[in-house]
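To keep things clear, I will list the structure first and then write my remarks on it.
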């Protein structure tokens, strides 16, 4: 099982950027992907994100979540095919003329799939190249309330922690001779023996975390960052490119020329 939302220590392009620059990157990518209705353009954006991940030496970590993206893509397309039957009928999901596959539903499904893939990949690049302490310090400098910073950071750090613990519990169950079977049914049966101890351990960890926060004087709101990131020349270059790209997208999308 591959860890998700886990910082990867490297010296790539995105690792050298200031967290605020990467937040702007996420905002621009989200706006472009959510406002665009052009499938070809979204494919280009997705390819550009993969190229940036390759340039930033994190392409392997990004592609490790390809299974999740593909699974959600199938779900999105099926949901749109069932709920949005509009346009020309291309075929049927079930024999006998049931659940028609229409051009409008297929377009909406592919559009949602591309948007989901773009947002997931962009956020994955952001998380695996940003140290949590730098992110928290940046959010505090942006005047985000410290309580929201803490909730965001805990939620972000708990995901890989719970994933690793679930893997350990599953391996412990198998070592004790538990055999839920193979295939889809076996996976369903293996969930309950893992979820019960996982939830119990999570509640215990939450209690310990709360005590630790109090012992470290969190309620005093007095903190001094160990390291403070500063903007470099590469950050200003990236900010200019992002702003220009967003301006070009808005101008061409909402202010088309005559003819």
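Here is a yes/no grid of residues against (1) farther than 29 Å from residue 80 by Cα; (2) part of a helix (DSSP H, G or I); (3) assigned by TED's automatic domain parsing to the domain that holds residue 45; (4) modelled with pLDDT under 80:
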site	(1), (2), (3), (4)
120	no, yes, yes, no
124	no, yes, yes, no
143	yes, no, no, no
162	yes, yes, no, yes
Review point. Among (1) within 27 Å of the chain's Cα centre (by Cα); (2) surrounded by 10 or more Cβ atoms within 10 Å (Cβ to Cβ); (3) modelled with pLDDT of 70 or more, which single condition is residue 178 missing?
Key: (1)
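Do we have residue 154 as assigned to a helix (DSSP H, G or I), closer than 20 Å to residue 42 by Cβ and touching a helix residue (DSSP H, G or I) at 6+ places or on another chain (Cβ under 8 Å) here?
On the way: assigned to a helix (DSSP H, G or I): yes; closer than 20 Å to residue 42 by Cβ: no; touching a helix residue (DSSP H, G or I) at 6+ places or on another chain (Cβ under 8 Å): yes.
It is false that residue 154 is assigned to a helix (DSSP H, G or I), closer than 20 Å to residue 42 by Cβ and touching a helix residue (DSSP H, G or I) at 6+ places or on another chain (Cβ under 8 Å).
What about residue 90, is it farther than 19 Å from residue 247 by Cα and in contact with a helix residue (DSSP H, G or I) (Cβ under 7 Å, 6 or more places away or on another chain)? Write out each step before concluding.
Values: farther than 19 Å from residue 247 by Cα: yes; in contact with a helix residue (DSSP H, G or I) (Cβ under 7 Å, 6 or more places away or on another chain): yes.
Against the criterion (farther than 19 Å from residue 247 by Cα and in contact with a helix residue (DSSP H, G or I) (Cβ under 7 Å, 6 or more places away or on another chain)), residue 90 qualifies.
The values are calculated or read from the model by the stated rules, or taken from the named source; none is laboratory data. Please read these numbers as outputs of a predicted model, since none were measured by experiment. Reconstructed Cβ throughout: ideal geometry from the backbone, glycine too, with neighbour counts over all protein chains shown.
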